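Undergrad: A single structure is presented below for examination.
Any read-out appearing in this document is the output of simple, stated calculations on the displayed coordinates, not a laboratory observation. In this text, all values refer to a predicted model and were calculated from it rather than measured experimentally. Glycine also receives a Cβ, built like all others from the backbone with ideal geometry; neighbour counts cover every protein chain displayed.
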Amino acid sequence: MLQYLTIPVTPFQQNCSLIWDDQSLQAAVVDPGGDLEVLLDAVAKLGLKLEQIWITHAHVDHAAGTAELAERLGLPIIGPHPGDQFWIDRLAASAQSYGFPPATAFTPTRWLQDCDTVTLGSHTLQVRHCPGHTPGHVVFHSPEIKRAFVGDVLFAGSIGRTDFPMGNHEDLINAIVQRLWPMGDDTVFIPGHGPESTFGRERKSNPYVGGT
Ligand SMILES: [Zn+2]
Ligand SMILES: [Zn+2]
């Protein structure tokens, strides 16, 4: 069975998640934006074997710790989609301008495309490309535990910003409606910031995409 723990990191309180198999304790970390000591402390306390880094998108609060973590532990970097090369190239400058610790760009071990899968032990998660907040944003969906790690695509009661360079509001709405809603009303999503919700609840009450 897959388990997960969400740990807010960075001054932006970004929801970094550890996902693991409770038998083998093989683990992946989604969006290590920073506070690596906090993350590694949790990994040690849980007794996990951290094997992979999965990235939803390359904004600084989600990806600034990636290069350092990959180098320190020798981990592969999976994702995001190549559309986010623009943001990877700007990681160092973004970290500086937002007052984050120094960050460096990284080269993903594996870029992700729509309908790819990622595996953790014997578990498979589906990858969907959900552009709009950033051009190369991906989400990770586990049908097995009915959870989706959606980064900054959708929040409880809100949606991702599209006023950054290369943001696109129409793309974002299309991604939510065409690629997230089919995961099912009872699927719980873990957004990049703030509390969890379900797709069903957002379909009813989210002021940006309710009724779609
Ligand atoms: Zn973002
Ligand atoms: Zn964010």
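Undergrad: Applying the selection to the stretch 193-212, what residues are farther than 30 Å from Leu91 by Cβ, among the hydroxyl-bearing types (Ser, Thr, Tyr) and part of a loop (DSSP other than H, G, I, E, B)?
TA: Scanning the stretch 193-212 gives a single hit, Thr212.
Undergrad: Can I ask one more? Name the single residue that is nearest to Asn15 (Cα to Cα) among those in the stretch 163-206 being of a type in the set (A, V, I, L, M) and within 17 Å of the chain's Cα centre (by Cα).
TA: Here the answer is Ile190.
Undergrad: Let me ask something else about it. For the stretch 130-150, check the following and say yes or no: at least one residue is surrounded by fewer than 18 Cβ atoms within 10 Å (Cβ to Cβ), among the basic types (Lys, Arg), away from ligand 2 (no atom under 16 Å from the Cβ) and more than 24 Å from Ile78 (Cβ to Cβ).
TA: Within the stretch 130-150, not a single residue is surrounded by fewer than 18 Cβ atoms within 10 Å (Cβ to Cβ), among the basic types (Lys, Arg), away from ligand 2 (no atom under 16 Å from the Cβ) and more than 24 Å from Ile78 (Cβ to Cβ).
Undergrad: Among the numbered criteria (1) within 15 Å of ligand 2 (Cβ to nearest atom); (2) more than 13 Å from Val139 (Cβ to Cβ); (3) not aromatic (Phe, Trp, Tyr), which one does Ile173 miss?
TA: (1)
Undergrad: Against the condition surrounded by fewer than 22 Cβ atoms within 10 Å (Cβ to Cβ) and under 14 Å from Gly65 (Cα atoms), how does Pro82 come out, does it pass?
TA: No: the conditions fail for Pro82.
Undergrad: Also, I was wondering about something else. Exactly one condition in (1) within 17 Å of the chain's Cα centre (by Cα); (2) in contact (Cβ under 8 Å) with a residue 40 or more places away in the chain is false for Cys115; which is it?
TA: (2)
Undergrad: Continuing with this model, one more query. Please enumerate the residues belonging to the stretch 18-50 that are part of a strand (DSSP E or B) and either more than 16 Å from the chain's Cα centre (by Cα) or hydroxyl-bearing (Ser, Thr, Tyr) (or both).
TA: Asp21, Gln26, Lys49, Leu50
Undergrad: I'd like the residue in the stretch 56-78 that is assigned to a loop (DSSP other than H, G, I, E, B) and more than 12 Å from Thr107 (Cβ to Cβ) and, out of all such residues, is farthest from ligand 1 (Cβ to nearest atom).
TA: The selected residue is Gly74.
Undergrad: Look through Gln26, Gln14 and report the one residue that is in contact with a Gly (Cβ under 6 Å, 6 or more places away or on another chain) and surrounded by 22 or more Cβ atoms within 10 Å (Cβ to Cβ).
TA: From the options Gln26, Gln14, the qualifying one is Gln14.
Undergrad: Has the stretch 62-69 got at least one residue that is more than 18 Å from Gly99 (Cβ to Cβ), more than 16 Å from ligand 2 (Cβ to nearest atom) and of a type in the set (D, E, K, R)? Let's see the steps before the verdict.
TA: Just the residues of the stretch 62-69 that are more than 18 Å from Gly99 (Cβ to Cβ), to begin with: 66-67, 69.
Okay, now just the ones that are also more than 16 Å from ligand 2 (Cβ to nearest atom), so 67, 69.
Checking the rest, the ones that are also of a type in the set (D, E, K, R) come to none.
No, because not a single residue in the stretch 62-69 is more than 18 Å from Gly99 (Cβ to Cβ), more than 16 Å from ligand 2 (Cβ to nearest atom) and of a type in the set (D, E, K, R).
Undergrad: Any idea which of (1) in contact with a Leu (Cβ under 7 Å, 6 or more places away or on another chain); (2) on the phi > 0 side of the Ramachandran plot is the one Val127 doesn't satisfy?
TA: Evaluating Val127 over (1) in contact with a Leu (Cβ under 7 Å, 6 or more places away or on another chain); (2) on the phi > 0 side of the Ramachandran plot leaves (2) as the failure.
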